1. Whether any residue in region 42-50 is assigned to a loop (DSSP other than H, G, I, E, B), in contact (Cβ under 8 Å) with a residue 40 or more places away in the chain and either of a type outside the set (S, T, N, Q) or under 18 Å from E297 (Cα atoms) (or both) is what I want to check.
2. Here is a check on your reading of the model: is E189 farther than 24 Å from V102 by Cβ and either at pLDDT 95 or above or not β-branched (V, I, T) (or both)?
3. Report, by residue number, each residue of region 132-181 that is assigned to a loop (DSSP other than H, G, I, E, B), surrounded by 22 or more Cβ atoms within 10 Å (Cβ to Cβ) and modelled with pLDDT of 95 or more.
4. Working only within region 246-277, note down all residues that are surrounded by 23 or more Cβ atoms within 10 Å (Cβ to Cβ) and in contact with a Pro (Cβ under 9 Å, 6 or more places away or on another chain).
5. Please give the number of the condition R144 fails out of (1) assigned by TED's automatic domain parsing to the domain that holds E251; (2) in contact with a strand residue (DSSP E or B) (Cβ under 7 Å, 6 or more places away or on another chain); (3) charged (D, E, K, R).
6. Which ones in region 125-156 are small (G, A, S) and in contact with an Asp or Glu (Cβ under 9 Å, 6 or more places away or on another chain)?
Amino acid sequence: MTSERTLRVAFLGAGNVVRGLLEYWPKRDFPIDLRVVGVLRRSGAWRGEETVALDLDALACEPGVDPIQDADVVIEALPSVYPDGAPATRLLKSALEGGIDVLTVNKGPLVAAYRDLNSQAQASGAKFHFCIDGVFPAVNTAVRDLRGATLTRMRAAANSTTNLILTEMEAGRTFDESLAKAVAMEIAEPDPDQDIEGIDTAAKMIIMVNAATGSNFHLDDVRIQGIRDVDPRVAIDSGRAWKLVGVYDGESIQVGPKLYSKDDPFHGIRGTEKIVEFETVEMGKITIMGGASGRMEMAAAIAREILNMYVPQETAVID
Ligand SMILES: NC(=O)c1ccc[n+]([C@@H]2O[C@H](COP(=O)([O-])OP(=O)(O)OC[C@H]3O[C@@H](n4cnc5c(N)ncnc54)[C@H](OP(=O)(O)O)[C@@H]3O)[C@@H](O)[C@H]2O)c1
């Protein structure tokens, strides 16, 4: 396929996620020629124009340079910072105010300011997309497919690091060995405590519930317990399985470890798989489960959103 359009991208962050996308994109024949016109790192920013084959570590990043000024789209992959999403919240707001499209993979600004960012996008006409759970499409379901329906309950084991750790511990590995495996697979957060302490799960719950219901939950509205004190023997001895689960009951959100017996679909997910179950008045119960996690998978998820933003879907042909 030949490139149909050029897209000028500013990357906020130049870590694992961005590097994965830069490796993945040229291996596929997508109809978009990505041009990198800005990069922000801790030392400062670079502005110029390069192909996706650029060497990020060779760029001269300097304080005071504005990386987004020449961009059509900002792809933001800074560390998730709670509760205020700094500095990403401010940077995304400024991009949207300037009519620059935004694709973020960072849950921090979405937890801190989803409503504001969304209103800003609507005011300026910029596109505002996000990708908060790798390839797993639950947030797309919450935002798009449950539109107009009334969400009454939701439960989610949507953190692949804790799902993997709990599966590994139930197979006899120690907590530290299991966490090391998640880190080696590049599925853990840059700060793995965000996975283990339940903060990442709480953030995903907040983003999905706020997007699906128009609520305005913040992190300090959520009761959160992590998995550090979970005893795998309790699950093994009773034929059940631990999962770190977020539950929305129509009024509040809680996150904590729960035991599931074999007759519950939450028992069945293994390793890095995830599961989310939505219950609605009009559409009934919808469960999504499975999905791969990793560097290439994350890159594929970002590519999916770039295509969703810029390449019209072919009209489905139904016989
Ligand atoms: N949506 C998903 O499914 C998914 C999956 C994985 C990760 N993520 C998210 O993606 C984000 C990035 O993850 P990652 O693994 O790529 O992280 P990473 O490897 O730690 O990279 C972070 C990047 O941000 C830059 N940075 C950090 N603090 C900064 C600051 N204050 N100002 C400017 N630049 C700053 C770092 O600069 P230097 O290069 O100078 O160090 C680095 O380039 C995180 O929010 C993570 O939660 C999402």
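The values are calculated or read from the model by the stated rules, or taken from the named source; none is laboratory data. The model shown is predicted, which means the values in this text are computed figures rather than measured ones. Cβ coordinates were reconstructed from backbone atoms using ideal geometry, including for glycine residues, and neighbour counts include every protein chain displayed.
1. No, because not a single residue in region 42-50 is assigned to a loop (DSSP other than H, G, I, E, B), in contact (Cβ under 8 Å) with a residue 40 or more places away in the chain and either of a type outside the set (S, T, N, Q) or under 18 Å from E297 (Cα atoms) (or both).
2. In short, no.
3. Across region 132-181, the qualifying residues are A158, N159.
4. Hit for region 246-277 is I275, nothing else.
5. Status for R144: all satisfied but (2).
6. A126, G134, G148, A149, A156 - these are the residues of region 125-156 that are small (G, A, S) and in contact with an Asp or Glu (Cβ under 9 Å, 6 or more places away or on another chain).
Table: residues versus (1) out of contact with any strand residue (DSSP E or B) (no Cβ under 8 Å at 6 or more places or on another chain); (2) surrounded by fewer than 18 Cβ atoms within 10 Å (Cβ to Cβ); (3) free of Cβ contacts under 8 Å to residues at least 40 places away in the same chain; (4) in a loop (DSSP other than H, G, I, E, B).
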site	(1), (2), (3), (4)
V17	yes, no, no, no
L21	no, no, no, no
P26	yes, yes, yes, no
D29	yes, yes, yes, yes
I68	no, no, no, yes
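Yes/no per residue for (1) outside the structural domain of G125 (by TED's automatic domain parsing); (2) hydrophobic (A, V, I, L, M, F, W, C); (3) surrounded by 16 or more Cβ atoms within 10 Å (Cβ to Cβ):
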site	(1), (2), (3)
L54	no, yes, yes
D72	no, no, yes
L78	no, yes, yes
L96	no, yes, yes
G99	no, no, no
